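Heads up, the thing below is written out as structure tokens.
The values are calculated or read from the model by the stated rules, or taken from the named source; none is laboratory data. Model, not experiment: these values are computed from the prediction. Neighbour counts run over all protein chains shown; Cβ positions are idealised from the backbone, glycine included. Heads up: the accessible areas ignore ligands, DNA and RNA and are worked out on the full protein's heavy atoms, side chains in. Shrake-Rupley method; radii C 1.70, N 1.55, O 1.52, S 1.80 Å.
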Amino acid sequence: MTGKLVLVLAAALSLGTDSLGQVVTVTTAADVIDVNTQTATVADLPGPDGKVSFSEAMIATNNTPGHQTVGFAIPQSEWTLQFVLPGRAVLTSSVGFYFRAFDAVTIDGTTQTAFTGDTNPDGWEVALYGVSLYLNADQCTLLGFDSSNVVATGSNCTIQGNTGSMNIELFGGSGSLIDGNEGGTIKIDRSSGNVVTGNKVGRVRVLGFDPLAANNRIGGPNPEDRNHIYGYGTTNSEGLPSGAAVQLFYTTGTVVENNWIGTLDGLTSGNLACTIGVSVESRNDDVRIEGNLISGIIGKGTGPHHGGQLFGRGVLASGLGAGLTLVGNTIGPDVNGDPTLGAVWGIDLGDPVTHPLQMTDIVIGGPGPGEGNEIAGHVFNGVTVGRNTGAVRMTGNSIHDNGWLGIDLVPTGYGYGVSPNDPLDADTGGSTMQNFPVLDSARRGTSTVRFAGSLSSSPSDTFTIEFFASPTCDPSGNGEGETPLGATAVTTNASGLAAFDVTLGAVVPAGWVATATATREPVGATSEFSACIPFADDVCQDDLGFAGPGDTVLGLCGQALDSGNRATLSLIQATALSPAMFVIGTQSQPTPFLNGVLVPIPPTLTPVLMTDAAGAIETLVPGGGGPATLYLQCVSADASQVFGVEVSNALRVVLGT
């Protein structure tokens, strides 16, 4: 164990300095006390028996001013309980009261390894059995223990680098660090401002009451901050599994960031009795769940009553509060991005029967880079919004490969599945039962997509319409949305209607389908996915070349120009805020023109438009009026050219009937 060797050397060097004051070395595993428990100091050790027990070391350091270090050099001849914890110096006590720090102290179990060597290849060489260690003073440090229980009630303590089945609790106090440990449970109980990083444990619990446990951080942005929280759960006598990997109860300002939750290796479930990845329950404010891999949460029932049944929620939120943000998480896919580790339910916002949620300001995803979540591979819904849950903003997410719906809003009357739109959006339920858009068309070009459709919802409100692409349509006919493409804003009229026709920069593979969601602003209530429609390929009119001088590019792409159809005429890379003359003719006779070539000769029409601040023009061209073939080219002002103009490429335009 390279890391173990480094810590042993560091401990040996630190014991040779005065940085932590006096050093007390424990030399016996027996819990003997032959010093005065009220007055003995470090100077009184050892007692008459010539040995120092752990109880005596703690008594002496508690009675001696300053910060001491307790080290270990217990001969193997003193070791007991080897049938329980082999290869370790096991400390136990029939009383246990003196395994407590009432003054700042460092308790360094790595010194035992330096004394006897690596006798426990799976961890450190000092362990407690049948008793807990209490760090009741501020500025205490514990390191190098194995398979022990420790409770810190002081502030600014450090519990670091311990191994085996450690159980670590912070009760009260604040500002402590729990880093690089292995074990079962880390519990933060009525304690604030603590940091939990780099641990490998079954679960992490943050519990507050009055006041709320505040500003605790589980994980962090750096690779070394990541906790591997593989899952906790028990199975009752009926064979029903139950347990959460991360539990937040009466907290505020909690951050859960960059952890692996529910899996150790990113490819398999960590605990088949764990049924919740992150449980946000009772009362929580301003919780941020960011950048985590939450996968493998799939509890399996056993026995005659629950055998073969599956249970699991990636994230479950219930209770009260204000502010729950989930951004940049991977919920369901494995570490390779394949949707193989989904739960039964992906994100469950208020199970309407057992876990009602009345929390405000809930956000899933975001418009910025890396803010969207990937929610995939779940047996049922990707996101479920319970009937008692208010507005939920969902944007920028990749939601795909879920067994039921990508997003399911549960109505007041209860029931899962696609909720049909209603007039004026008056129904009630999850996320206000916001109506979804209706897509009339979706077209893809080489680097753009264009959507046309409408929204029927509440009158005179503003909405964000977000568009998605997926390889296939969901079996329900609505959703999902694997690739977010962008969004546009619309405002409904007095009848609750709004139309949209928007072109976005995006590349979509051939054969994919389109969906959309609507979010009412500013409340942030997002709909289910719309019905899906296939992308149709844009038809671009033939480019004949002949461009120059200059860099302008002319294009006409969209639907075939039959009656009732339309396409987008675009000019780019022209001079900003300058006139551009479009030359239209029925014949193609390339003719030299001002250092270039003009194709539509003779011209029939020459409309002039102005370029925008980006040097571009975009306008819709209706179809019909044919059959006919026209030729189109643009001559625009450019003072850098010899004759003050630049000439675009020429197009052949085919009009239908």
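Annotations
- Residue among D44, D34 that is farther than 19 Å from F145 by Cβ and in contact with an Asp or Glu (Cβ under 8 Å, 6 or more places away or on another chain): D34
- Qualifying positions in region 545-561 - at pLDDT 90 or above and either surrounded by fewer than 17 Cβ atoms within 10 Å (Cβ to Cβ) or among the hydroxyl-bearing types (S, T, Y) (or both): G545, G548, P549, D551, T552, V553
- Residue in region 330-352 that is β-branched (V, I, T), surrounded by fewer than 20 Cβ atoms within 10 Å (Cβ to Cβ) and part of a strand (DSSP E or B) present: no
- Within region 188-227, the set of residues being part of a strand (DSSP E or B), of a type outside the set (A, V, I, L, M, F, W, C) and open to solvent by less than 50 Å² (accessible area, probe 1.4 Å) comprises D189, S192, T197, G202, R203, G219.
- Filter result (assigned to a strand (DSSP E or B) and without any contact (Cβ under 8 Å) to a residue 24 or more places away in the chain) within region 169-182: E169, F171, S174, L177, I178, D179
- Scanning region 3-24 for residues that are open to solvent by 40 Å² or more (accessible area, probe 1.4 Å), in contact with a helix residue (DSSP H, G or I) (Cβ under 7 Å, 6 or more places away or on another chain) and either at pLDDT below 95 or in a helix (DSSP H, G or I) (or both) yields L7, A12, L15, L20, Q22.
- Elements of the type strands (runs of 3 or more DSSP E) sitting completely within region 25-113 and holding at least 2 residues that are buried (at least 20 other Cβ atoms within 10 Å of the Cβ) and polar (S, T, N, Q): these cover 68-72.
- In region 497-532, the residue that is least open to solvent (accessible area, probe 1.4 Å) out of those that are acidic (D, E) and not in a loop (DSSP other than H, G, I, E, B) is E521.
- Filtering region 462-478 to residues that are in contact with a strand residue (DSSP E or B) (Cβ under 6 Å, 6 or more places away or on another chain) and buried (at least 18 other Cβ atoms within 10 Å of the Cβ) leaves F463, T464, I465, E466, F467, F468, A469, S470, C473, N478.
- Close contacts from region 353-374, counting a first residue that is in contact (Cβ under 8 Å) with a residue 40 or more places away in the chain and a second that is assigned to a loop (DSSP other than H, G, I, E, B) and hydroxyl-bearing (S, T, Y), with Cβ to Cβ under 6 Å and a gap of 6+ residues or different chains, come to H355/S318; L357/S318; L357/T389.
- Once region 163-177 is narrowed to residues that are among the hydroxyl-bearing types (S, T, Y) and over 24 Å from T113 (Cα atoms), the residue that is least open to solvent (accessible area, probe 1.4 Å) is S176.
- Qualifying residue in region 533-543 (condition: open to solvent by less than 20 Å² (accessible area, probe 1.4 Å), within 30 Å of the chain's Cα centre (by Cα) and of a type in the set (A, V, I, L, M)): no
- Among the candidates L320, L293, L310, the residue that is farther than 13 Å from L349 by Cα, surrounded by fewer than 20 Cβ atoms within 10 Å (Cβ to Cβ) and among the hydrophobic types (A, V, I, L, M, F, W, C) is uniquely L310.
- Matching residues in region 442-478 - criterion: being part of a loop (DSSP other than H, G, I, E, B), modelled with pLDDT of 95 or more and among the hydroxyl-bearing types (S, T, Y): S457, S458, S460, T472, S476
- Screening the candidates D265, D285 for the property of being within 22 Å of G350 (Cα to Cα) and either acidic (D, E) or touching a helix residue (DSSP H, G or I) at 6+ places or on another chain (Cβ under 7 Å) (or both) yields one hit, D285.
So that you can scan it fast, the table gives a plain yes or no per residue for (1) acidic (D, E); (2) open to solvent by 40 Å² or more (accessible area, probe 1.4 Å):
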site	(1), (2)
T275	no, no
D285	yes, no
I298	no, no
T302	no, yes
V315	no, no
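- Residues of region 444-461 classified as open to solvent by 30 Å² or more (accessible area, probe 1.4 Å) and charged (D, E, K, R), total: 2
- Qualifying residue in region 479-488 (condition: buried (at least 20 other Cβ atoms within 10 Å of the Cβ), of a type outside the set (V, I, T) and modelled with pLDDT under 95): yes
- Subset tally (residues that are within 15 Å of I298 (Cα to Cα) and either open to solvent by 20 Å² or more (accessible area, probe 1.4 Å) or more than 15 Å from the chain's Cα centre (by Cα) (or both)) for region 230-259: 13
- Within region 128-164, being in contact (Cβ under 8 Å) with a residue 40 or more places away in the chain and either under 23 Å from T28 (Cα atoms) or in contact with a helix residue (DSSP H, G or I) (Cβ under 7 Å, 6 or more places away or on another chain) (or both) holds for Y129, V131, L143, G144, D146, S147, G161, N162, T163, G164.
- Just so you know, in region 138-162 the residues that are open to solvent by less than 10 Å² (accessible area, probe 1.4 Å) and of a type in the set (A, V, I, L, M) include one that is nearest to G173 (Cα to Cα), and it is A152.
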